[in-house]
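Data block below; observations after.
The values are calculated or read from the model by the stated rules, or taken from the named source; none is laboratory data. Just so it is clear, the structure is predicted and the values come from calculations on it, not from any experiment. Cβ: placed from backbone, ideal geometry, glycine included. Neighbour counts: every protein chain shown. Just so you know, the surface numbers come from the protein's heavy atoms only, side chains and all, with ligands and any DNA or RNA stripped out. Shrake-Rupley method; radii C 1.70, N 1.55, O 1.52, S 1.80 Å.
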Amino acid sequence: MAPRILLDATAVPADRGGLGRYVDGLLCALHAQGADLAVVCQRSDEQRYGELVPGARVVAGPAALSHRAARLAWEQSGLPHVADRVAADVIHLPTYTIPMSTDLPTVVTIHDVTLFAEPEPHDPVRTTYVKSATRTAARRATRIIAPSRATRDELVRVLGADPDRIDVAYHGVDQRAFHRPSESEVKQVSDRLGLHGHPYVAYLGALEPRKNVPNLIRGWVRACEHRPDAPALVLAGGGGWDDEVDAALATVPLNLRVVRPGYLPWPALPGFFGGALVVAHPSRGEGFGLPVLEAMACGAPVLTTRRGPLPEVGGDAVAYTEPDPSGIGAALGDLFDDPARREDLADAAHARAQQFSWKASAEAHLASYQRALDQHRAPRTSSTH
């Protein structure tokens, strides 16, 4: 009999973002695999998850869960009660925290440990909490899921996590949502951005120091400064902060154009990625690199770095650069001048993206849940200290 899994989706933000795409994609694939599922979520998501995973037991948490501090406190006290209520066998926490007061086996996804190398400069309290909670989860969870081999290795190196308790489960990509766009999809996005067919370099993500957006801006300026009809730079997404972004934008010459549309709705992303001259993601640190995979699925030529797991995702189907402005500028310039290479990269990227499915991810998660259950049931050997 399959174990009943309780997935805690209360941390998924209203804008979905990377965590939302992970939870949604995983739940749909687990449901398709016939998993016995229960989901606890914020009240605003109750109907959504009810429709996403029909037949699953969906429990809405208290209204206060929209506030981060209240959600974290509830996770310690309220989540174990929900687990009892739905008769869960395993609890899956899809982000770095676990309840300390449960007797059930816990599986936690730790997406990355980049915060240990590059702490958030403006929020030392949050940085301290996240690092402490991540260390605790890595030590106390029955199993840890890492989205890449690189992240698994960093968990062992940085946190001293037990490699025998870590399971690697790559993210997938929804091939229906992220696909090669039609001409009309490309035109709609281009018009929405006010570009009306003008070429552009696309970036999608948060403005966090590790995303390296200031150096992307500086590199794009270097690649464009002597071009009479230079492509625009579109910085889409939101959240996070990086004071250097504004400083870098202040140096952009008046003849170059930067567009900052904020969040783009999901249906616009194929046109945004697939319509770009290049999708640039020159990150200094990732846990997986979902925007890179999603851009690849849309048939975009992608420029990224060899940092962390990005080569695991991109393989030979993307272009690589060092993360400094001169490297980014040279790599962009080469791609601007070589349409045949851009076309080859687009085809290779689209083909490689087919290898990453939420079905495979769900199978890896199910194996991890079963290991957690087996570990929990195994007789514990006594030890002396």
Matching option when the condition is modelled with pLDDT under 95, in contact with an Asp or Glu (Cβ under 8 Å, 6 or more places away or on another chain) and under 23 Å from Leu269 (Cα atoms), among Gly287, Gly308: Gly287
Scan of the range 6-18 for residues that are surrounded by fewer than 18 Cβ atoms within 10 Å (Cβ to Cβ) and of a type outside the set (Lys, Arg), ordered by number: Pro13, Ala14, Asp15, Gly17
Any hit, the range 333-354, residues being touching a residue at least 12 places away in the same chain (Cβ under 8 Å) and under 18 Å from Tyr22 (Cβ atoms): yes
Thr142 vs. criteria modelled with pLDDT of 95 or more and under 29 Å from Pro3 (Cα atoms): yes
From Ala169, Ala161, residue being in contact with a His (Cβ under 6 Å, 6 or more places away or on another chain) and either open to solvent by less than 10 Å² (accessible area, probe 1.4 Å) or modelled with pLDDT of 95 or more (or both): Ala169
Residues located in the range 118-150, provided they are farther than 17 Å from His92 by Cβ and either open to solvent by less than 40 Å² (accessible area, probe 1.4 Å) or among the small types (Gly, Ala, Ser) (or both): Thr127, Val130, Ser132, Ser148, Ala150
Criterion (within 26 Å of Cys224 (Cα to Cα), charged (D, E, K, R) and buried (at least 17 other Cβ atoms within 10 Å of the Cβ)) met by exactly one of Arg307, Arg352: Arg307
Any hit, the range 251-265, residues being at negative phi, crowded, with 17+ Cβ neighbours inside 10 Å and in contact with an Asp or Glu (Cβ under 9 Å, 6 or more places away or on another chain): no
When residues of the range 269-296 are limited to those that are of a type in the set (Gly, Ala, Ser) and more than 20 Å from Leu19 (Cβ to Cβ), the one surrounded by the most Cβ atoms within 10 Å (Cβ to Cβ): Ala280
Residue within the range 316-326 that is open to solvent by less than 60 Å² (accessible area, probe 1.4 Å) and among the β-branched types (Val, Ile, Thr) present: yes
Given (1) in contact (Cβ under 8 Å) with a residue 40 or more places away in the chain; (2) buried (at least 21 other Cβ atoms within 10 Å of the Cβ); (3) not hydrophobic (A, V, I, L, M, F, W, C), index of the condition Gln42 fails: (1)
Count - residues of the range 7-39 that are under 16 Å from Val107 (Cα atoms) and touching a Gly at 6+ places or on another chain (Cβ under 6 Å): 1
Positions within the range 51-66 being more than 23 Å from Asp89 (Cα to Cα) and either crowded, with 17+ Cβ neighbours inside 10 Å or of a type in the set (A, V, I, L, M, F, W, C) (or both), in sequence order: Ala63, Ala64, Leu65
Options Asp191, Asp153, Asp167, Asp174; residue that is assigned to a loop (DSSP other than H, G, I, E, B) and among the acidic types (Asp, Glu): Asp174
Boolean, Arg48 is open to solvent by 70 Å² or more (accessible area, probe 1.4 Å), in contact with a Cys (Cβ under 9 Å, 6 or more places away or on another chain) and over 19 Å from Val108 (Cα atoms): yes
Output for the range 122-150, where each listed residue is without any contact (Cβ under 8 Å) to a residue 60 or more places away in the chain, under 24 Å from Gln370 (Cα atoms) and assigned to a loop (DSSP other than H, G, I, E, B): Ala141
Candidate set: the range 67-96, residues that are in a helix (DSSP H, G or I) and of a type in the set (A, V, I, L, M); chosen: the one most open to solvent (accessible area, probe 1.4 Å): Ala69
Subset of the range 287-304 (residues that are in a loop (DSSP other than H, G, I, E, B) and more than 16 Å from the chain's Cα centre (by Cα)): Cys298, Gly299, Ala300, Pro301
Residues of the range 204-246 that turn out to be of a type outside the set (S, T, N, Q), open to solvent by less than 30 Å² (accessible area, probe 1.4 Å) and in a loop (DSSP other than H, G, I, E, B), as a count: 7
